[in-house]
């Protein structure tokens, strides 16, 4: 899609504004901030010069970016749902692919290795406790099991790319 970009002067300007530089594209094809610049005019209706924003470090990395606690959902509510989801995967009633967004690949492989056989008793979640140890970091401990037996679960959650993500999982099954 080709589009023409026109820079028009303000209605009361005395001379026509000139575009000094045009937008550039990154190596990924994404358009950066449009760096338009107008010369200053004398008079009451003059435009003040505003320097274009320049990115000092281009963000070409696809690594996960840490997220602050203020930009994340409630850790307790979110971890309760995650523990229930992990236990459902262990029971074999939920596909593990549904958790790929919230688990790192290492944790997902660990969960997939614990999927129960069809004749195993079904586990249920008994309790979940959350402690936020640092900004964007939460540690979750949970208890699940059958009516006659209990098991423990510990998860480290980190705020990455605007969502909670389980980066470590330890359990005793």
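Values quoted throughout were computed directly from the atomic coordinates according to the rules given, and no laboratory measurement underlies them. Keep in mind the model is a prediction, meaning the values are calculated, not measured. Every residue, glycine among them, receives a Cβ derived from its backbone with ideal geometry; neighbour counts consider all protein chains shown.
Extension gain, residue 143-residue 63: 0.36 nm per intervening residue step, less the Cα-Cα distance, totals 25.5 nm. Modelled this way, with points 7 Å down the Cα-to-C-beta line, the labels at residue 135 and residue 97 are 3.9 nm from one another.
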